Amino acid sequence: MASSLIKIKELLNKLSPSEKKAALFILNNPSRIADLSIGELSERCGASEATIVRLCKILDYKGYKDFKVSLTKHISQIQREASGEKDKYTDVKPGDDLKSIILNISYNNKKSIDDTLQIMSVVSMKKAIEALVSSTRIEFYAVGTCHIIALDAMLKFSGINKITNAFSDSHMQMTSATNLKKGDVAVAISYSGETKDTYETIKVAKESGATTISITKYGQSPISDICDINLFVSAPEISIRRDSLSSRIAQLNLIDILFAGVTSRSFESVKKYLQNTNNAIDKKMLK
């Protein structure tokens, strides 16, 4: 699926009524957009040309032409989706047989990574990696199921001798954030971008002078709005624990990319710590 359509789906509920009208027309008629001028699209969807341009800019395109080029590049995927081939997330329903559950969950997990790649900004990823490389201290803030992601990140970065924490208690997180300073990095992990505890903590971390990074679903949110660097993931909204299934896989994959990027960027200075960590872990293995 084209990244432009993923972006629209993620932002749909936050658009104005006129923007949503244009967005829904595009989602329902993706293969027709390449042949429509902005005037023709305006007439057919019932939204003004200014609204369409505004929608394109919300989606991080320079304008309608730039948006249309992006959409056209993926026309083959769009046509597969329109023809009904399996290229969509599949919900798990009560009473599903085990084989269907296995296939659907596995497919959704793979798809969440593929769709996240479509919306990933290499520029933002590079900024995040550079900030983590030069950091004196890294704090990962998350609650609930997202705290699992924070623990995974802490474990990885500790292995290359980075001073890092992932406190589970919100009071400890706030204490940590209060004592950060310039040169430190704080990472807020919340798929919705609206988790109150995480928002309050990352806000204090920013006020303390730390560089702030968000990991949320695509689009504006309270958390992404206040962070210096925004990293986005895409995942399906399914009825069974949507917050802890595919979104978790996409977030873990993003953490792996950050860790690999930091390790590659500073390999000469961290290789001895990697070896020390591997040696220590080896001693804990049954022979």
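The values are calculated or read from the model by the stated rules, or taken from the named source; none is laboratory data. This is a predicted model, so every value here is computed, not measured. Note: ideal-geometry Cβ built from the backbone for every residue, glycine included; neighbour counts use all protein chains shown.
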What number of residues within the stretch 143-167 are under 21 Å from residue 247 (Cα atoms) and out of contact with any helix residue (DSSP H, G or I) (no Cβ under 8 Å at 6 or more places or on another chain)?
6
Quick check: is even one residue across the stretch 181-189 surrounded by fewer than 16 Cβ atoms within 10 Å (Cβ to Cβ), among the basic types (Lys, Arg), over 17 Å from the mean Cα position of the chain (by Cα) and in the same structural domain as residue 252 (by TED's automatic domain parsing)?
yes
Can you work out which of the residues in the stretch 18-60 that are aliphatic (A, V, I, L, M) and not in a helix (DSSP H, G or I) is surrounded by the fewest Cβ atoms within 10 Å (Cβ to Cβ)?
36
Can you confirm whether residue 15 is within 24 Å of residue 216 (Cβ to Cβ) and exposed (fewer than 15 other Cβ atoms within 10 Å of the Cβ)?
no
